[in-house]
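Peer 1: What follows is a single structure, and I will ask about it in a moment.
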Amino acid sequence: MIAPSPDQNDISRGRQDTGRPTLVLASGSPRRLALLQQVGIDPDSLLPADIDESPRKGETPRALAQRLARTKAEVSRRAADRVEANIDGLVLAADTVVAVGRRVLPKAETHEQAEACLQLLSGRGHRVYTALCISAPKDVVRQRLVETRVRFKKLSRAEIAAYLASGEWRGKAGGYAIQGLAGSFVAKLVGSYSNVVGLPLHETVNMLAGLKYPVLDGWQDPARIRP
């Protein structure tokens with residue numbers, strides 16, 4: 001179990017034991033953490049960045065995702081650097097935006113928002129953008145934008161009502177979670193599935209590896225082998 005705020009001694013010991021740089025995930029999303037752990041990567045700490053995620057006037061969905069990911073990385077970098085062991089480590093940030101054309105759909109917090117999202121997505125295609133940003137030592141920053149195209153089937157009133165009643169939509173970009181009940185709504189998907197969940201694994205692993213993070217080390221842990 002990863003502690004949200006491990007103390008300096010804990011992080012320092014972990015870094016000395018493994019001989020690798022620390023990795024800070026600039027997110028409190030359990031989905032992103034689970035996706036990283038799926039590919040054998042356990043962040044040393046979680047440092048979510050509390051920022052205003054409102055789109056700017058005229059800002060495209062792609063530009064919004066990239067700006068927010070970069071800002072999250074910068075905010076969490078400053079917090080991470082207060083711990084000495086993190087100064088030579090990596091900070092991974094991501095932001096996911098669901099859009100229909102240039103229209104950015106909200107992270108649904110109310111029944112009305114979720115219902116509006118589902119009605120808009122019903123029977124049509126949309127795009128999911130996740131921007132990745134990794135802050136490395138010596139002011140090195142790496143960024144990547146991943147796009148996935150998704151098409152929903154035509155949703156009946158009963159399906160929308162049942163999904164709203166499930167509560168699964170709460171806090172989800174676009175008002176749905178593809179890894180849950182809403183997976184049955186997807187008629188077509190082109191691109192990365194994990195990108196829609198919230199973290200494109202192929203691109204994330206490649207970016208970390210490119211910054212010399214030992215992404216394969218966790219694969220040798222026997223405890224990860226599933227029966």
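FYI, it's all coordinate maths here, none of it is from the lab. Just so it is clear, the structure is predicted and the values come from calculations on it, not from any experiment. Quick reminder, even Gly has a Cβ in these numbers, built from the backbone with ideal geometry, and neighbours come from all protein chains shown.
Peer 1: What is the order of ILE178, ILE87, fewest Cβ neighbours within 10 Å to most?
Peer 2: Details: ILE178 22, ILE87 13.
Ascending number of Cβ neighbours within 10 Å: ILE87, ILE178.
Peer 1: Still on this structure, please answer the following. Once every DSSP H run of n ≥ 4 in the chain is given -39500 (n - 2.57) and the sum is divided by its residues, what mean residue ellipticity at 222 nm do you get, rounded to the nearest 500 deg cm²/dmol? Before the final figure, lay out each step's value.
Peer 2: Values: 7 runs with 76 residues, N = 227.
The helix contribution divided over the chain gives -10000 deg cm²/dmol.
Peer 1: Ok, one more. Would you please give the FRET efficiency between HIS111 and ASP81, computed as 1/(1 + (r/R0)^6) with r the Cβ-Cβ distance and R0 = 35 Å, to the nearest 0.05?
Peer 2: Once the sixth-power term is evaluated, E becomes 0.30.
Peer 1: If you don't mind, there's one more thing I want to ask. In debye, nearest 20, what is the charge dipole magnitude of the chain about its Cα centre with +1 on Lys and Arg Cβ and -1 on Asp and Glu Cβ, if you could check?
Peer 2: Details: 33 positive and 24 negative charges, 229 e Å.
So the magnitude is around 1100 debye.
Peer 1: A further question on this structure: At HIS202 and ARG124, where each label point lies 7 Å from the Cα along Cα→Cβ, what is the point-to-point distance in nanometres?
Peer 2: 2.8 nm
Peer 1: Rounded to the nearest whole Å³, what is the per residue volume of the convex hull around the Cα atoms of the chain?
Peer 2: Details: hull volume 30.3 nm³, N = 227.
Hull volume normalised by residue count: 133 Å³.
Peer 1: Would you work out the charge dipole size for the range 139-200 about its Cα centre, treating the Cβ of every Lys and Arg as +1 and the Cβ of every Asp and Glu as -1, and quote it to the nearest 20 debye?
Peer 2: Working: 10 positive and 4 negative charges, 51 e Å.
The calculated dipole for the range 139-200 is roughly 240 debye.
Peer 1: Helix 61-80 against the longest principal axis of the chain: what's the angle in degrees, Cα atoms only, rounded to the nearest 10?
Peer 2: That helix lies at roughly 30 degrees to the long axis.
Peer 1: May I ask for the angle, rounded to the nearest 10°, between helix 157-166 and the longest principal axis of the chain, with both axes built from Cα atoms and the value confined to 0 to 90°?
Peer 2: Once rounded, one gets 30 degrees.
Peer 1: Can you give me the distance in nm between label points at TRP219 and TYR193, each placed 7 Å from the Cα along the Cα-to-Cβ direction?
Peer 2: The two pseudo-label positions are separated by 1.9 nm.
Peer 1: Let me ask you something else. Of the options ALA34, SER76, VAL100, report the single residue whose Cα projects farthest towards the positive end of the charge dipole of the chain (beta-carbon charges: Lys, Arg +1; Asp, Glu -1).
Peer 2: Comparing the listed Cα positions along the dipole, VAL100 ranks first.
Peer 1: May I have the count of lysine pairs in the chain with C-alpha atoms under 23 Å apart, counting pairs 8 or more residues apart or located on different chains?
Peer 2: 17
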